[in-house]
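Below is one structure, written out as structure tokens; comments come after it.
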Amino acid sequence: MPITHGIAEPIAMDEEQNLGRPSQPQPQPLPPKTPKKLTLIPLIFLIYFEVAGGPYGEEPAVQAAGPLFALLGFLLFPFIWSVPEALITAELSTAFPGNGGFVIWAERAFGPFFGSLMGSWKFLSGVINIAAFPVLCVDYLKKLIHPLESGWPRHISILISTLVLSFVNYTGLTIVGWAAVLLGLVSLSPFVIMSLAAIPKIQPHRWTSLGQRGVKRDWNLFFNTLFWNLNFWDNVSTLAGEVDSPQKTFPRALLVAVVFTCLAYLVPLFAVIGAVSVDQSDWGSGFHADAAEMIAGKWLKVWVEVGAVLSAIGLFEAQLSSCAYQLEGMANLSILPEFFSSRSKWFNTPWVGILLSTLITIGMSYMNFTDIISSANFLYSLGMLLEFSAFVWLRRKLPEIKRPYRVPLRIPGLVGMCLVPSAFLVVIMVIATKTVYLVSGVMTAGAIGWYFLMNLCREKKLLRYSIAQDGER
């Protein structure tokens, strides 16, 4: 056929011309881009901001119980609470290195109902806690920008700061992780300078003071201050799937973070208590800034206040990341619908979790939520009791599971390790107010109702769930 001949002839000519030439290699398609993983240094600072963010907020311990008890509290409480929680996080995060963390542990130990309940308790306590940080930023900035004290300028600034910080989180954990390194170093630097400047002024006998005569000790404030400043070690477990070589990186990061966090609290506390003599009632939140002015001058006070804003930003970013990746992990377990595991095409981040957490945070930022924060503390305590139980039960239920890091104790020793912090959690819940019991009860009832609603949606096929995980059930 003429048409066929017209096409075939040039092809034949080309083949003759190419005889004897080496064949040109065909271009290969580029491999898919592998998302960057968290490495050791950013992970250390993310853990640091999950837990502390600096010595901001430790001052009420002195106000509540006096210098000696405050120092002893920050010396001993890490061994009672922080170390056991960090050890549990290290073992279970390396045994189950997926996003979801403590939700996975509870689900593997006791089934999907308790996994869902754990997720609800921890998520609610987390987002309520996050809402405080944009407010804290504005509270410090209003000292320099007076219109931010009240009215619409304050409301707009809280909204804008929340949206901007959430967008930074949306850009990815690698950026957030290295931003945490920078924020941590800058926010801690004034305390290093203050501690050095305080050395010539330190009078060691002040460290042994039991407090001013006639001042009644507030043990409720004292223990809550310790609890909030040395808590949330397990939050980073929800990021386990984003960590490079988690089996090796997690234990190292947790070890360094525990030591780093304790020193960040203790060194400035020893320095200020030893160098400054003030009424015990002056040791309220933010007193470190006033102490910096007494020790070195106004310039250091401003630096401490700027550091407080940077610390609040770091706390916001670290805890928002944990909440967002927790929801993704719950979707992977089919506890939540599949769309909660959706990732951004640009930054490979769980945008649905970030968006939902941000919206709840914005709503909470405009409320007077003193009792609600106490309720979040209560819910977190319930979650930790479930977490301790899951840890012990998984050792008994799944002893054959590979544990790259393993707490070097048998089950009776593990029970003993968990009993002391569990007793402290019970004390925290017993001293709660009636309002806290009511709000926590309503939230828990809502969490239980949510579980059965999700089951109904799964059975009626109203929403799409993870097929792989459904198959495991």
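General remarks:
- Extension gain, LEU462 to LEU263: 0.36 nm times the residue separation minus the Cα-Cα distance gives 66.5 nm.
- Overall form of the range 323-422 per C-alpha gyration tensor (a/c, 1.5; a/b vs b/c): oblate
- Whole-angstrom gap from the range 125-147 to the range 242-316, using each part's C-alpha centre: 17 Å
- Links that overshoot a 20 Å alpha carbon limit, given the list LYS201/LYS301; LYS37/LYS345; LYS142/LYS298; LYS122/LYS345: LYS122/LYS345
- Coil-residue trypsin sites (Lys or Arg not before Pro) of the range 344-436, DSSP, other Cβ within 10 Å capped at 12: LYS345, LYS402, ARG410
- Computed over protein heavy atoms with a 1.4 Å probe, the carbon and sulfur contribution to the accessible area of the range 291-368 reaches 69%.
- Cα-based shape type of the range 143-236, given that a ≥ b ≥ c are square roots of the gyration tensor eigenvalues and the cut on a/c is 1.5: prolate
- Helix content alone sets the calculated 222 nm mean residue ellipticity of the chain: runs of n ≥ 4 DSSP H residues at -39500 (n - 2.57) each, divided across all residues, give -23000 deg cm²/dmol.
- Which label in (1) 1.02; (2) 1.09; (3) 0.96 gives the computed Rg/Rh (Cα atoms, Kirkwood Rh): (2)
- Only one residue of LEU382, SER440, LEU419 has its Cα farthest out toward the positive end of the dipole of the range 335-462, where Lys and Arg carry +1 and Asp and Glu -1 on Cβ, and that residue is LEU419.
- Contact order, relative form, for the chain: 31 percent (alpha carbon pairs under 8 Å, 6 or more residues apart, mean separation divided by residue count).
- Between ARG343 and ILE145, the simple label model (points 7 Å from Cα in the Cβ direction) yields a spacing of 3.6 nm.
- Using the 1.4 Å probe convention, the accessible area of the chain works out to 47 Å² per residue with neighbouring protein chains retained.
- Computed from point charges on the beta carbon alone (+1 for Lys and Arg, -1 for Asp and Glu), the dipole magnitude for the chain about its Cα centre is near 880 Debye.
- Farthest towards the positive end of the charge dipole of the range 47-162, among the residues TRP152, PHE110, SER82, is the Cα of TRP152, using unit charges on the Cβ of Lys, Arg, Asp and Glu.
- Net lengthening on full extension, ILE160/ARG410 (0.36 nm per residue, minus Cα-Cα): 84.9 nm
- Using the Cβ-Cβ distance between ASP279 and ASN220 with R0 = 25 Å, the FRET efficiency computed as 1/(1 + (r/R0)^6) comes to roughly 0.75.
- Full extension of the chain segment joining LEU75 with ILE431 gains 125.8 nm, where the gain is 0.36 nm per residue of separation less the Cα-Cα distance.
The values are calculated or read from the model by the stated rules, or taken from the named source; none is laboratory data. Predicted model, so just to flag it, every value in this text is computed and none were measured. When we count neighbours, we look across all protein chains shown, and the Cβ atoms used for this are built from the backbone with ideal geometry, even at glycine. Note: accessible area is taken over every heavy atom of the protein model, side chains too, but ligands, DNA and RNA are not part of it. Shrake-Rupley method; radii C 1.70, N 1.55, O 1.52, S 1.80 Å.
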